[in-house]
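*Asks:* First, the structure itself, so that you have it in front of you.
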């Protein structure tokens, strides 16, 4: 059974889009390799890129959660600050 012209056109569009996505994925790998070669922390850069994609409300909530987590870590003695204070 052969696809009709609409199905064939849609299949062609999907294949083209997938090819472009694969090219972008290769470019992402290249950028990450370049960052790593430059001595940058690729995991941190990836997290920052994800934050750039977030809407501002979601990003603000994330930062608030991280601030609360930092306070809890300090209280539990899980940070360098708490360890330095304990040593004094």
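Since every read-out is calculated from the coordinates, none of them should be taken as a lab result. Since the structure is predicted, the reported quantities are computational estimates derived from the model, not experimental observations. Every residue, glycine as well, gets a Cβ built from its backbone with ideal geometry; the counts of neighbours run over all protein chains shown.
*Asks:* Please list, short to long, the whole-number percent of alpha-carbon pairs of the chain in consecutive 5 angstrom bins beginning at zero.
*Replies:* Result returned by the calculation: 2, 11, 9, 11, 11, 13, 12, 8, 7, 5, 3, 2, 2, 1, 1, 0.
*Asks:* For the pair residue 33 and residue 68, how long in nm is the line joining their label points, each one 7 Å along Cα→Cβ?
*Replies:* Here the answer is 4.2 nm between the modelled labels.
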